[in-house]
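*Asks:* Submitted below is the structure of interest, expressed as structure tokens.
Each value in this text was obtained by applying a stated rule to the coordinates, not by laboratory testing. The shown structure was predicted, so the numbers you read here are calculated from the model rather than taken from an experiment. With ideal geometry, Cβ positions are generated from the backbone for all residues, glycine too; neighbour counts draw on all protein chains shown.
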Amino acid sequence: MIIVVSGCNRCPFLNEGETPECNVSTPPKRPLFAETLAVERPSWCPLKKEKIIVQEK
């Protein structure tokens, strides 16, 4: 199955914990807010101009 990721909630670089954090941001471990997770990538996302395709096996 191939999943096209368009928001933070399905991004493979999302670090879920007490506070969700982005693992590829600058500065590292930048916190994400609940309203950002479901909509689209934030303006500071280094992958905003990229399409991320995650393949599940």
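*Asks:* Net charge near GLU21, counting Lys/Arg +1 and Asp/Glu -1 over other residues with Cβ under 9 Å of its Cβ?
*Replies:* Once positives and negatives cancel, what remains is +1.
*Asks:* Which percent of Cα-Cα pairs in the chain sits in each 5 Å bin, short to long?
*Replies:* Pair shares across the bins are 4, 20, 32, 26, 12, 5, 0.
*Asks:* Given the rule -39500 (n - 2.57) for each run of at least 4 DSSP H residues, summed and divided by the residues of the chain, what is its mean residue ellipticity at 222 nm, to the nearest 500 deg cm²/dmol?
*Replies:* Calculated at 222 nm, the ellipticity per residue is -1500 deg cm²/dmol.
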